[in-house]
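> Take a look at the following structure, please.
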Number of protein chains: 2
Amino acid sequence: MKIFRVNMSNLRTTIEDVPEEWNLLGGRALTSTIVSKEVDPTCHPLGSKNKLVFAPGLLTGTMAANSGRLSVGAKSPLTGGIKESNVGGTASQRLAKLGIKALIIEGMPADDKFYCLHVHKDGVNIKEETELLGKGNYEVINTILERYTENTGVITIGQAGEYKISCANISVKDPKGHIRSAGRGGLGAVMGSKRIKFITLDDNDGSGIDINDKDEFRKAARIFNKGLLNHPVSGDALPRYGTNVLVNILNEAGGLPTKNFRMGRFEGADNISGETMYENIMSRKGDTTHGCHVGCIIRCSQTYNDKDGNYLTSGFEYETIWGFGAGCMVDDLDLIAQADHLCDDVGLDTIEMSVTMQTAMEAGIIPFGDGPGILKLLNEVKEGTPLGRILGNGADFTGKAFAVTRVATVKGQGIPAYDPRSVKGIGITYTTTPMGADHTAGYAVATNILKVGGHVDPLQKEGQIELSRNLQIATAALDSAGLCIFVAFAVIDDESVSHAIIDMINAQYGINWTVDDWFNLGRYVLRTELDFNKAAGFTKKDDRLPEFFNEPIPPHNATWDFSDAELDQVFQM
Amino acid sequence: MKIFRVNMSNLRTTIEDVPEEWNLLGGRALTSTIVSKEVDPTCHPLGSKNKLVFAPGLLTGTMAANSGRLSVGAKSPLTGGIKESNVGGTASQRLAKLGIKALIIEGMPADDKFYCLHVHKDGVNIKEETELLGKGNYEVINTILERYTENTGVITIGQAGEYKISCANISVKDPKGHIRSAGRGGLGAVMGSKRIKFITLDDNDGSGIDINDKDEFRKAARIFNKGLLNHPVSGDALPRYGTNVLVNILNEAGGLPTKNFRMGRFEGADNISGETMYENIMSRKGDTTHGCHVGCIIRCSQTYNDKDGNYLTSGFEYETIWGFGAGCMVDDLDLIAQADHLCDDVGLDTIEMSVTMQTAMEAGIIPFGDGPGILKLLNEVKEGTPLGRILGNGADFTGKAFAVTRVATVKGQGIPAYDPRSVKGIGITYTTTPMGADHTAGYAVATNILKVGGHVDPLQKEGQIELSRNLQIATAALDSAGLCIFVAFAVIDDESVSHAIIDMINAQYGINWTVDDWFNLGRYVLRTELDFNKAAGFTKKDDRLPEFFNEPIPPHNATWDFSDAELDQVFQM
């Protein structure tokens, strides 16, 4: 495989051999290694010294189920720390099939022009782009499909990325032409700062993936498949209701943050639940289940139509529905779907935007419960008005603009859909992960609420630190393999699944890893990221929840009761 | 003396004895001690845990010349670190005469009401204020003079403080009814967060200041006076031209940052110079020289009228004229005076606002050179529009809103009127002072440019670290005495002046300090402040200039060439 490097300062591409020490790195392990090695931790995230790195995982491009995630890395303009955000869709497998271990974008054009990149087996073409500037992601994708073929992979930014605001995500076309997002941390702003509107990927005649021992690989892949399909979460709940199965579960558990983290239950929960969503999809002839990339067998995505049966959105996730829903006291699922569509089109992280909306409601810009107000404000972001610039830079920024002190962020990143007081394990992850508040970095909800991998009482402190630490390590390992985080349920509950993953890696690369070796890769990733953040100026003071989480949250009146010393133990590993 | 403490949560005042260890602290030494002792360094600066502390200096209220400065301290909403900002006017001496060692304001009202405080010999009255909400500082002061007497001291915030934006300063009525400002660090936002619109001070029947040995004090005070008047800077240049004498001097030195720090000389310098200003004042029947407080013998303030002889502004400083002038490429002194008036009225720090305007010009909001555009934008800040909220939160915030990477700040605070590449000593102060970029924290311009206290070549690295360190220590000592920083010129050049200061302190308090003891107080202040910032999460990474200062600045093509290791030596004291 090769490293493709694009220098936007001189508009040149080079194709480089993979340094030997990177051979067994992929996905997050590789993006975090490259960012750590090549980016000055103190640089301005939107300046020429930052780099944007795309890397498929170790297993991406193979027949391994759910292995088509793409890691995107850079110094984050939202957190100021290192960032890896991963995404499904059509990009990762095409990069892998082209033999591209990582695509590194560096420098910055001297002029104000925007460009597009076309990646193919012989290299990268860099062209000026004018037609699609100022356009949303749906129009970009549809236009590209006309310019090239339906098989073309697309990585794109909407207006938000062009504005270089910190809610800007990077979007990837999914197999149906819809949108998946590397959502968090403002990586779309980094792509905008490199002045790249979109990247197209043509994997025709790509060299493909070498598998050292194909039989062994196939054998392990079958066990892996079976494990995923046998698990009740990945085999049943997620395919049926999508991630939104969680609204009722979290509401019941008193961990559904409502009205900007004031309560743990939302009166309107039933109206926005996975079950309601399922009924709507069925009655409106949508699609209850499809995969975000070829080879996904969990298929948690869906197509959600409006009352007239017209396409509204897809990849309609629990965290989005929580954020614009319970968080904002809005119980209109169709309106939330419109907000989701708009965010996808403009290229905005729905979690950051929805925590921002809660902050804007706190500031009195619009009242809690004002669904149409949310759409109006999202249009301000789309238009790039001054108010839109404020909101589009996230919850912390909006809080500062309007002197709101009740802002739910860690390291400048909005806290997602699980209250850290009543689901304490996820609070440990929010505070300590180098990513800023991020549920996917160590999804303790699994063991706290879903009782996957045993049960750690969500309301008690006992066991949470170890749980979050182990999950953060395992997640870093999964992210490096290019595997979807939803394989974790089976990994945790079924030993044969983690062994199957290792067997596949061993069969592909001709090595003899143990599960421990793989988790050591996870530890290495975390250490690399923590070191970057420290060099960027982070201290333990950044591993804290905002002050207001000392308020008890109904119905359990749980408070955040971890001491600084306890939090500082998490990464004594 | 007593500590007056006002709790805005329960609207109660207490009068406390001064802890013994605070007896020999005053001004900055006392505000930084109290903030450090009583404020959680990690708290939200606009939350109920922050405190706002006012303290007259050790010599304030005596006949010592230029001793009427008031220190204001808090955790800064602009920098996130500890802040002391000091100001002349009518407040400090009245507090001292009332026997108030410090006025501490803590807590926060549970409701949305605004209040005013009336401080008198028996305590503090807290009343709801409605009439003056939303009004500018000039109207506040004029209305208060009607409510009380002309002798009433006034501390007030304009609309900016009510909005709690980070450019908000705290204004103090001067003896002429004009405005002096504790400008930097957003302390007006802290006062706004405590919901105090203004504080009136009635020193009738105050206990006054005890002087242990009045004869010795008088003797030393005469020597001090003479030293100030004999020095060419404090005795001649400042009274004649005000601080704006510096435009031509810095322009000549190539250290007048022009067009957002692109050049060190401004073509239009002559139009905005102190000499031009002097001519305008004379021909328009203004006032070329008056003191900002009773007992000031340097008298660097002035009254600047418009072409028709009507009052435009006063306390019209070099840094303001630099910022809206050379920084923004505006050479219209009358327009800059209008901007100064507007900032004083709305309660905005002119340095932060003018660096913000340069950033807004960088973003293309208005073009460089657009003077009327500046006034238009300042009115947006006054009105509290979304654009005004962006600009009103300072240069860093504005840069982030519009994705501008060329933003001249350290620790989030705008860099003032002396280019750190061509006046290297001041660059050391900008980077290392716990205050964020602040020329007054260690005014190396004195020795680099004015050749006070010898000469350290401004373009060479040699000697700058020691120079800045010594000046930072001496300044912290001066700020604790309540002395105006402009006594420093005489202190540095004339040993009898520093001895006179110590003799006054000794005579007042009945002690036997040496000059070294006094400087040790300065060292203690810096250590206290550095410790607070460290506990707030600051690291050495915060002691750096922005990336773009590696560009050479004409005419000398000087660059910023201090290594991290060199900067980290400054506080090895």
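> Shape verdict for segment B:2-201, please, from the Cα gyration tensor: rounded (a/c under 1.5), prolate (a/b greater than b/c) or oblate.
rounded
> Same structure again: To the nearest whole number, what is the average tally of beta carbon atoms from other chains within 10 Å of the beta carbons of peptide A:18-26?
Mean partner-chain Cβ count within 10 Å for A:18-26: 0.
> Roughly what % antiparallel, to the nearest 5, for the DSSP beta bridges in the protein assembly as shown?
80
> Find the relative contact order for segment A:2-201 and round it to a whole percent, using C-alpha pairs within less than 8 Å whose residues are 6+ positions apart.
23
> For chain A, build the charge dipole from Cβ charges (+1 Lys, Arg; -1 Asp, Glu) around the Cα centre, then report which of A:Q464, A:P386, A:G414 sits farthest towards its positive end.
A:P386
> Does chain A come out rounded, prolate or oblate by the C-alpha gyration tensor, with a ≥ b ≥ c the root eigenvalues, rounded set by a/c under 1.5 and, if not, prolate when a/b is larger than b/c and oblate if not? Working shown, then result.
Numbers: a/c = 1.31, a/b = 1.14, b/c = 1.15.
Here chain A falls in the rounded category.
> Among the lysines in segment B:242-418, how many pairs, 8 or more places apart or on different chains, have alpha carbons under 26 Å apart?
Number of lysine pairs found: 11.
> So for each of A:185-192, A:330-337 I average, over its residues, the number of other beta carbons within 10 Å; can you give me the resulting order with the highest mean first?
A:185-192, A:330-337
> Quick check for me: using +1 on Lys/Arg Cβ and -1 on Asp/Glu Cβ, what's the dipole size of the protein assembly as shown about its Cα centre, in debye to the nearest 20?
On the way: 112 positive and 144 negative charges, 23 e Å.
Value, rounded to 20: 100 debye.
> I want the local charge near A:R12. Using Cβ-Cβ distances under 12 Å, sum +1 for each Lys or Arg and -1 for each Asp or Glu among the other residues.
0
> To continue, here is another question. Treating only the Cβ atoms of Lys and Arg (+1) and Asp and Glu (-1) as charged, compute the dipole magnitude of segment A:2-201 about its Cα centre; round to the nearest 20 debye.
With Lys and Arg at +1 and Asp and Glu at -1, about 280 debye.
> Quickly estimate the mean residue ellipticity at 222 nm for chain B, helices only: each DSSP H run with n ≥ 4 gives -39500 (n - 2.57), and the total goes over all residues, rounded to 500.
Result for chain B, helices only: -11000 deg cm²/dmol.
> If we count every other residue with Cβ under 13 angstrom of B:I100's Cβ, Lys/Arg +1 and Asp/Glu -1, where does the sum land?
+1
> Count the net charge of all other residues whose Cβ sits under 10 Å from the Cβ of A:G347, scoring Lys and Arg as +1 and Asp and Glu as -1.
Details: positive: A:K382; negative: A:E162, A:D344, A:D345, A:D349.
Around A:G347, the charge tally is -3.
> At 7 Å along the Cα-to-beta-carbon direction for both A:N230 and A:E267, put a label point, then send me their distance in nm to one decimal.
My value for the distance between the label points is 4.7 nm.
> Search the structure for amide H atoms under 5 Å from the amide H of A:I82, placed 1.01 Å from N in the peptide plane, and list their residues when 5 or more places away or on another chain.
A:S76, A:N533
> Can you give the average number of partner chain beta-carbon atoms within 10 Å of each beta-carbon in peptide B:385-393, as a whole number?
Taking the mean over all residues of the peptide, I get 5.
> How big is the charge dipole of chain A about its Cα centre, in debye rounded to the nearest 20, if each Lys and Arg gets +1 on its Cβ and each Asp and Glu gets -1 on its Cβ?
Computed charge dipole of chain A: roughly 800 debye.
> Now for a separate question. Which residues' amide hydrogens lie under 5 Å from the amide hydrogen of B:T409, considering only partners 5 or more residues apart or on another chain, with H built in the peptide plane?
Distant-sequence amide H within range of B:T409: B:I415.
> State the extension gain, in nm to one decimal, for the chain segment bounded by B:E21 and B:T559, taking 0.36 nm per residue of separation less the distance between their alpha-carbons.
Extending this stretch completely gives an extra 189.2 nm.
> For segment A:2-201, give me the percentage of DSSP beta bridges that are antiparallel, rounded to the nearest 5 percent.
Percentage antiparallel, nearest 5: 75.
> OK, next. Would you mind putting A:163-176, B:550-563, A:244-257 in packing order, based on average other-beta-carbon counts within 10 Å, highest first?
Per-residue mean Cβ counts within 10 Å order the peptides as A:163-176, A:244-257, B:550-563.
> Follow-up question, since we're still on this one. Among DSSP beta bridges whose residues both lie in chain A, state the antiparallel percentage, nearest 5.
If we restrict to bridges inside chain A, about 80 percent are antiparallel.
> Here's a follow-up. With the label 7 angstrom out along Cα to Cβ, how close does B:D568 come to the same site in each of the other copies, in nm, nearest first?
Its label point is 2.0 nm from the equivalent points in the other copies.
> What FRET efficiency comes out for the pair A:R240/B:N550, r = Cβ-Cβ distance, R0 = 51 Å, nearest 0.05?
Plugging the Cβ-Cβ distance into 1/(1 + (r/R0)^6) gives 0.35.
> For the charge dipole of segment B:43-166, defined by +1 on Lys and Arg C-beta atoms and -1 on Asp and Glu C-beta atoms about the Cα centroid, which residue among B:F114, B:S76, B:T152 has the Cα displaced farthest towards the positive pole?
It is B:S76.
> How far, in nm, would the chain grow between A:L11 and A:K37 when pulled straight, counting 0.36 nm per residue and subtracting the alpha carbon separation?
Difference between extended and current length: 7.1 nm.
> Continuing with the same structure: So for chain B, averaging the separation of alpha carbon pairs under 8 Å that are six or more residues apart and normalising by length, what relative contact order in percent results?
16 percent.
> A further question follows. Give me, ordered by chain and number, the residues 5 or more places off A:G315 or on other chains with an amide H under 5 Å from its own placed amide H.
Answer set, sorted by chain and number: A:Q302.
> Pulled fully out, how much extra length does the chain show between B:L375 and B:E131, if you take 0.36 nm times their separation in residues and subtract their Cα-Cα distance?
Numbers: separation 244, 0.36 × 244 = 87.84 nm, distance 2.63 nm.
Roughly 85.2 nm would be gained on extension.
> In terms of the Cα gyration tensor, with a ≥ b ≥ c the square roots of its eigenvalues, is segment A:496-567 rounded because a/c is under 1.5, prolate because a/b exceeds b/c, or oblate?
Because a/c hits 1.5 or more and a/b fails to exceed b/c, segment A:496-567 counts as oblate.
> Turning to a different aspect of this structure: Quote the relative contact order of segment A:107-245 in percent (integer), defining contacts as alpha-carbon pairs under 8 Å separated by 6+ residues.
25
> If you average the alpha carbon positions of segment A:1-32 and of segment A:410-480, how far apart do those two centres end up, in angstrom?
31
> Taking each residue of B:291-297 in turn, how many C-beta atoms of other protein chains fall within 10 Å of its C-beta, and what is the average?
If you average over the peptide's residues, the count of other-chain Cβ atoms is 0.
> Can I ask one more? Please give every one of the lysines within straight-line cross-link reach of A:K121, meaning a C-alpha to C-alpha distance under 27 Å, and leave out same-chain neighbours fewer than 8 residues apart.
Once the sequence-local lysines are set aside, what remains near A:K121 is A:K2, A:K37, A:K51, A:K97, A:K101, A:K113, A:K173, A:K176, A:K194, A:K197, A:K214.
> List, in the order given, every pair from A:K424/B:K534; A:K424/A:K541; B:K83/B:K541 whose Cα-Cα distance in the structure shown is over 21 Å.
In this structure, A:K424/B:K534 exceed 21 Å between Cα atoms.
> With a 1.4 Å probe on protein heavy atoms only, tell me which residues of segment A:530-573 lose at least 30 Å² of accessible surface in the complex relative to the chain by itself.
Output list: A:G537, A:T539, A:K541, A:E547.
> For segment A:278-398, with the dipole built from +1 on Lys and Arg beta-carbon atoms and -1 on Asp and Glu ones, taken about the Cα centre, which of A:L377, A:G291, A:F324 lies farthest toward the positive end?
A:G291
> Here is a follow-up. How would you rank A:371-382, B:282-293, A:407-418, highest first, on the average number of other Cβ atoms within 10 Å across their residues?
Ranking the peptides A:371-382, B:282-293, A:407-418 by packing returns A:407-418, A:371-382, B:282-293.
The values are calculated or read from the model by the stated rules, or taken from the named source; none is laboratory data. Everything numeric here is computed off the predicted structure, so don't read it as measured data. FYI the Cβ positions are ideal-geometry reconstructions off the backbone, even for glycines, and counts take in every protein chain you see. Just so you know, the surface numbers come from the protein's heavy atoms only, side chains and all, with ligands and any DNA or RNA stripped out. Shrake-Rupley method; radii C 1.70, N 1.55, O 1.52, S 1.80 Å.
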